[in-house]
Amino acid sequence: MVSFFIHRPIFASSIAVIMVLAGPSAIFLLPVSQFPDINAAPGRGQRGLSGASAQVVADTVTTPLEQQINGVQG
């Protein structure tokens, strides 16, 4: 089957062009009307990121790493 298209590159190219043109034209045939409308959320909330402060991260992560790695100052 593959050798058919290898020996006929013009036919393979024309099939490829037809497929490229058929894709965007098929968008208009999709049954979009059967799906409900998607609305934005009615309200906006604000959330903060919970976690450690910069000082806690420096004390618990950075300082022990610096102490374990030899030759690194600061």
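The values are calculated or read from the model by the stated rules, or taken from the named source; none is laboratory data. These figures come from a predicted structure and were not determined experimentally. The area values use the complete protein model at the heavy-atom level, side chains included, leaving out ligands, DNA and RNA. Shrake-Rupley method; radii C 1.70, N 1.55, O 1.52, S 1.80 Å.
Computed values, structure above
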item: Selection from region 14-68 of residues that are open to solvent by 100 Å² or more (accessible area, probe 1.4 Å), of a type outside the set (A, V, I, L, M) and assigned to a helix (DSSP H, G or I); result: PHE28, SER33, GLN34, GLN55, GLN67, GLN68
item: Total residues in region 1-13, condition modelled with pLDDT of 85 or more and open to solvent by 100 Å² or more (accessible area, probe 1.4 Å); result: 5
item: Residue in region 32-61 that is nearest to PHE5 (Cα to Cα), counting only those that are modelled with pLDDT of 85 or more and not hydrophobic (A, V, I, L, M, F, W, C); result: THR60
